[in-house]
Amino acid sequence: MSEQVLITLTVNGQERAVAVEPSATLLRVLRDELQLTGTKAGCEAGDCGSCTVIVDGEAVNSCLLLAVEADGAAITTIEGLATGGELHELQKAFVKLGALQCGYCTPGQLMAAKALIDHNPQPSRAEIRQALGGNLCRCGTYPRIIEAIEQRHTFADETLDTKPGPHDERDQKRDHAVVGQSVTRYDGPDKVTGRSLYTADIRLLDMVYGKILGSTVAHGTIKRIDTSAARALPGVLAVITGEDVPDIWYGVSPARYDERILATERVRYVGDEVAAVAAIDEETAEQAVALIEVQYEELPAVFDPESAMAPEAELIHPEDPRFAGNINTRVEWDFGDVEQGFAAADCIREQRFVGNRTYQSPIEPHAAIARWEHHGERLTVWSSSQAPHYKQHMLARVFELPMGNIRMIRPPVGGGFGAKCETTPLELCAVVLARQLGRPVMMKYSRREMVYHFRGRHKQYIDMKIGVKKDGTITAVQSRILLDGGAYTSFGIITVYYAGSMLPTLYKIPNYKYDGYRVYTNLPASGAMRGHGVPQPRWAMESLLDDLAEELGLDPIEIRLRNAMEPNTRTINDLDISSCEFKKTLERARDESGWLEKRGQLPPGKGIGVGCGGFVSGAGYPIYRSDFPHSNALIRVHEDGKAVSLHIATAEIGQGCDTVLPQIAAEELGIPYDWVWLAECDSVLAPTDLGSYASRVTLMGGNAVKMAAAAAKVQILKVAGRQLGCDPHGLTARDGRIFVAEHPELAIGWDEAARLAFSESGPVVGTGCYRPPPGLGGKYKGAAVGTSPAYSFATSVCEVAVDLETGAVKVERFSDFSDAGTVINPVTFHGQVEGGIIMGLGETLLEDTVHDDTGALVNPDLHGYLIPTISDAPEIESHAVESYEPHGPFGAKEIGEGCLPPILGAIANAIYDACGVRVTELPITPEKILRGLATQRQAGSKLSDDRP
Amino acid sequence: MACRNTTYHRPQSIAEACQIAGEYGIRGRFLAGGTELLIDLDSGRDRADQLISLRDVPDLCEIRIEAGELRIGALATLSAIATAPDVVRALPALREAILTMGGQQIRNRATIGGNFCRAVPCADTPPLCIAAGARLEIVGATGARTLPAADFFVGPRQTVLDRSEILTEIRIPVPPAHSGASYQRFSLRHGMAVAVAAVAAVLQLDGDEITSARVVLSAVAPVPLLVGECTDLLVGRKPVPDLFAEAGTIAAAAAQPITDLRGSAEFRRELLAVLTPRALNEAAARAKGEAA
Ligand SMILES: Cc1cc2nc3c(=O)[nH]c(=O)nc-3n(C[C@H](O)[C@H](O)[C@H](O)COP(=O)(O)OP(=O)(O)OC[C@H]3O[C@@H](n4cnc5c(N)ncnc54)[C@H](O)[C@@H]3O)c2cc1C
Ligand code: FES
Ligand code: FES
């Protein structure tokens, strides 16, 4: 260690003298020395902007500035933006306009915006994009950030209270007081001030830091591990290898527990976790893992499913004979009679489509803390998790503890999109190290490590064939899909089923055959990502439908309307569709997006295309067999009746459930939204919920909350009825008042009734739980995947400009029409749609994790793996169509995942419309478009044939 | 981030900086904005344990017009250059080139000297400077020297500088009347993405005749590539699109691109055939006073 240097910083107006290592970045000094954790570390490489602070008036990346270089500087961090307890107008505008979701990028966005307006109070849109181009937001809040900067003055004098008002979702008519309103985002104020403590922001007494060593070879056996040098490094407290952890196989699905906590004999991909250390600080831990020497005997490795399935391929999981041929999961479905279906078709199209290995890329890297309690065999774990319940369950299994002995806390999560569903070696190693040391241990992935850990989108190799009648009616669909599963199962069993089960939910398919193979390869394991398994096959089908429509001379929207799913239908694969306004989404898209005026009328290089999709509103069955209700809630009315607390262990990952669920509670109770407190997501405080995956929380969590609220309300109404001298059944509660429905002037304050209730019989508590209707789905193997109480539907229209000389694509506009049932909160709803479009845009045009021929990743960062920036975001118009789902709370379904699957096809079809090139391999890069244009020129120009 | 056993120096003069650098040889690195260096040290692509900060060395950030030259101190940040009135007036294309680089936070710290000295093949400021005939001022432990910017680059991440030498200033002749410049760059994302290929062009016209022309390619060769054949083709001819297209073909042939994550060699050549005429057309329009 070198000599520390004493520097002085004026931070948020206060002079601070700190002794720092010369190598310490300002970011780490702010977070670790000055405890200003509002400044976030998303990449520590200058690529994401989450670490932005203002230094002497200029926005800079604090991760690329040595603290010593900032000596003497005036620094403003997010903690210094609000003055005297009053939020800055930018902060208020961000909260009010929904310019944040997970909030992890938000401090950086705000500081960049602040520096901009300090220099230029009236920036143009171009100037805003220029100034915030270095601030990535994976949640896709860009359009709202622009709006917030432009309209910030409007909010200068506003408070963040939510005034009761009518339902304000413009496209839906409802008589609700809280549902349907864009109330103040519950987690908004803390996220715009830096107060929200994400897992990596937590500082526990005596806490130490862990780090994991990943394999350097893609496939091999471990010959020897030498940890002596690491152990000898001053500051290192413990080093563990596979021998020091429970000897157990774990994973996601009980049918395929195929992972080791740390590799014992075999490593299966570059990055496979091999050893871990704990040290007094992060830097020492980072140095120590580099000192561990591992000798491997390399085995032949395979990097794509076809080679992995070859007879001569080395087995990746020889320990289990089920995985012969490296096939992890095989699906064979045959509904109806496809042979006959194709025979009846007038027109058949068949094509291979190849997807990409996209990574969720949440801006917050995964983090976990474990602490063993002194009181009994008890363990507390903090984890940036989308599904804390499953982690709790898995930790209990691995460490042979009752689940009740584990306290699972989920701090705010800086984005997940599927990446943070499962138990990782972070939690597992932290628990082992914490036990060895008797101290809390924090473990984090670096940006590079999280990409290596992956669990991103399965790359799918899709052979799809569709037959239609002359009028466009589908007669048969057949698809054979190879999914590149990577080295472990993760959520992959479900992925390979979803890739097949969801196609028949959108269109009526009379004959359908699906052959799915999820195949092991020596790459990072693929898992669940937004729209789980669905976007790539959906893109294939949407592309083929357009091709068929062209061949038959039909309008693309027309062919979709002809086959569109209808309400109260049982699909060919036994899924029960209840509400369904898919046709309405198509018709509104046709009539309101400019489709009729633009389709076929645009100049060369400009195109308009349509894509459709949708998703489940929660899975019909849990990941492991369990009789627990899927969502559970508890509501406690406070003593004075002026507040209630809502206890439910759901996972706010940016999608807005911490706002939507309190809204549902308030609506059902009949109180203002601002009366609701949300208890922390902590297994000691709140009953379990399965988590934020399969787009389940609004419907399932919402139903549990509604039921709990109703149970509490009954008790209050009873007292009110007595006070008013009438039957409680004739009472209505709304906006904090309880009144006789027929005689609204006969009323009592909600709080007064609640106070009386408490005074008489103590706490008023209501509980609720939700489980999907029993017996969902068919009887065939795998019939459970795809079942859901309700399905969403969406049509998206995209407009692009293609540079015919360079192949560059600019997505200019999206008009989206979603059937998500009742909209609970318009701002979070439309924010999800916008975010899904922007993420889908990245998946279609930009993203792919690329590996070299040794299996090492070429772009495990945000420099080579490009996700959309503020300048890539198109103009977006999002609409909710009128729809009501009987199984949903107040008629609601889902929006978070269903908004993504339409996007890939919409963009691909718009590109085809613009230039006649159909790229069948994702991402659709400029280079591939140029190749297509060249091929087209050789074959005689389509543009000159077909276009005026 | 940067390696643990690092010593930090903060010299107060060029002489002192050079002297410290001379003393430590390959163990030392000058630290300017740090936007390259910190990442290189962190990733292990570069190793050094003596950081010699240039932040207190006086006069290295100045931007001014003097003796017919636009003089830019090597420590001037990209933001400072992009907003300097002298730059906006004399060489607006340089501002445009800079605004394609990184994000605002990067531009606020990154220096033009660092961009030159790190010498990555896709660096965005050297091509235009070379095309505009820039000279570089260099001071070392054993003296000072001046050299054409075109001669500065040796290979990827390699320059003619010895360990004790500091790039102090970039001097660009103020473009004469009837001249124009353009920088055309292709990247895979709208912002915050390095160039896949880029072309800088500077033209001077006399009436309807090109009297001087320089085309420099970026990200398609180990170093920024001044294409002499383009100059030969263009000088003495009329500035017409067909001629510029021909220059594009020549540029594409002259390049030595590689295939990497961002694109194939073939794709890069195709881009050059498009970007070169675009750059020449814009430069010509500006020379004629048609565009800002
Ligand atoms: C997210 C991100 C995006 C980027 N985008 C771009 C881009 O689009 N285009 C582009 O060209 N670059 C880009 N860069 C690279 C980088 O920001 C630039 O090259 C920048 O100009 C480097 O300047 P610096 O002052 O930060 O250099 P430093 O990191 O301080 O130094 C770089 C190297 O040059 C040496 N050095 C610096 N100054 C001198 C001097 N005066 N004399 C001698 N040696 C010196 C240093 O010792 C070091 O070896 C990007 C970087 C990041 C992190
Ligand atoms: S953490 Fe600094 S830019 Fe990502
Ligand atoms: S809100 Fe921007 S990354 Fe989540």
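The values are calculated or read from the model by the stated rules, or taken from the named source; none is laboratory data. Quick caveat: nothing in here was measured; it's all calculated off a predicted structure. In this analysis, Cβ positions are derived from the backbone assuming ideal geometry, glycine residues included, and neighbour counts consider all displayed protein chains. All accessible areas refer to the heavy atoms of the entire protein, side chains included, with ligands and DNA or RNA removed. Shrake-Rupley method; radii C 1.70, N 1.55, O 1.52, S 1.80 Å.
When the P(r) of region A:89-196 is calculated, the portion above 19 Å amounts to 45% of the C-alpha pairs. With K and R counted +1 and D and E -1, the other residues having a Cβ less than 12 Å from that of A:Glu58 yield a net charge of +1.
In the distance distribution for region B:63-173, Cα-Cα pairs more than 25 Å apart total 14 percent.
Counting every alpha-carbon pair across the protein assembly as shown, the share separated by more than 45 Å comes to 39%. Going from the isolated chain to the complete set of protein chains, region B:24-61 loses at least 20 Å² of heavy-atom accessible area (1.4 Å probe) at B:Leu31, B:Leu38, B:Ile39, B:Arg55. Taking the DSSP bridge list for the protein assembly as shown and keeping only pairs wholly inside it, about 80 percent are antiparallel. Dipole size of region B:179-287 about its Cα centre, with +1 on Lys/Arg Cβ and -1 on Asp/Glu Cβ: approximately 420 debye, rounded to the nearest 20.
For region A:344-349, the Karplus equation 6.51 cos²θ - 1.76 cosθ + 1.60, evaluated at θ = phi - 60°, returns couplings of 7, 7, 8, 8, 10, 10 Hz by residue, with Gly and Pro reported as x. Of the residues B:Gln19, A:Tyr452, A:His374, the one whose Cα sits farthest towards the positive end of the charge dipole of the protein assembly as shown is A:His374 (charges of +1 on Lys and Arg Cβ, -1 on Asp and Glu Cβ, taken about the Cα centre). Seen from every direction in turn and averaged, the convex hull around the alpha carbons of region A:5-80 projects onto 4.1 nm².
Calculated mean residue ellipticity at 222 nm for chain A: -8000 deg cm²/dmol, from DSSP H runs with n ≥ 4 weighted as -39500 (n - 2.57), summed, divided by the residue count and rounded to 500.
Sorting A:Asp190, A:Asp627 on solvent-accessible area from highest to lowest, probe radius 1.4 Å, gives A:Asp627, A:Asp190. Projecting the Cα atoms of A:Val432, A:Gly418, A:Gly472 onto the charge dipole of region A:407-556 (Cβ charges, centred on the Cα centre) puts A:Val432 farthest toward the positive pole. Within the assembled protein chains, the solvent-accessible surface assigned to A:Trp249 is about 90 Å², based on a 1.4 Å probe. Here the Kirkwood formula, the inverse mean of 1/r across different C-alpha pairs, assigns region B:179-287 a hydrodynamic radius of 13.5 Å. Report summary: the helix-based calculation at 222 nm, which adds -39500 (n - 2.57) for every DSSP H run with n ≥ 4 and divides by the residues of chain B, gives -10000 deg cm²/dmol. Protein heavy-atom surface of region A:5-80, 1.4 angstrom probe: 44% of the accessible area is carbon and sulfur, with nucleic acids and ligands not counted. Stokes-Einstein diffusion for region A:769-891 at 20 °C, viscosity 1.002 mPa s, with a Kirkwood radius from C-alpha pairs, works out to 120 µm²/s.
The A-B contact accounts for roughly 4200 square angstrom of buried accessible surface, both chains included, probe 1.4 angstrom. According to the calculation over all Cα-Cα pairs in region A:568-669, the P(r) per 5 Å bin from zero is 2, 8, 11, 12, 12, 13, 12, 10, 8, 5, 4, 2, 1, 0 %.
Average projection, convex hull of the Cα set of region B:7-50: 3.0 square nanometres.
Dimensions of region A:320-453 along the principal axes, based on C-alpha atoms and rounded to the nearest Å, stand at 72, 33, 27, largest first. Which one of A:Ala24, A:Leu90, A:Gly618 is farthest out on the positive end of the charge dipole of the protein assembly as shown, using unit charges on Cβ (Lys, Arg +1; Asp, Glu -1) and the Cα centre as origin? After comparing all options, I get A:Gly618. For q = 0.11, 0.12, 0.13, 0.17 Å⁻¹, what log10 I(q)/I(0) does region A:631-770 give under the Debye formula with an equal point scatterer on each alpha carbon and no solvent? Here the Debye-derived log intensity ratios amount to -0.38, -0.44, -0.51, -0.82. Mean projected area of the convex hull spanned by the Cα atoms of region A:814-866, taken over all viewing directions: 5.3 nm². Here is the P(r) of chain B: all C-alpha pair distances, binned every 10 Å from 0, give 7, 29, 35, 21, 7, 1, 0 in whole percents.
For region A:507-519, the Karplus equation 6.51 cos²θ - 1.76 cosθ + 1.60, evaluated at θ = phi - 60°, returns couplings of 10, 7, 10, x, 9, 8, 10, 9, 10, x, 10, 9, 10 Hz by residue, with Gly and Pro reported as x. Rolling a 1.4 Å probe across the protein heavy atoms gives the protein assembly as shown an accessible surface of 33 Å² per residue. Within chain B, the longest run free of exposed loop sites, counting trypsin sites (Lys or Arg not before Pro) that sit outside DSSP helix and strand states (H, G, I, E, B) and have at most 12 other Cβ atoms within 10 Å, spans B:48-292. Rounded to the nearest angstrom and listed largest first, the equivalent-ellipsoid semi-axes of region B:1-133 from its Cα gyration tensor are 27, 17, 12.
Taking a sphere under 9 Å around the Cβ of A:Pro535 and counting the other residues whose Cβ falls inside, with K and R at +1 and D and E at -1, yields a net charge of +2. Counting charges near A:Ala720 (Lys, Arg +1; Asp, Glu -1) among other residues having Cβ under 13 Å from its Cβ returns a value of +2.
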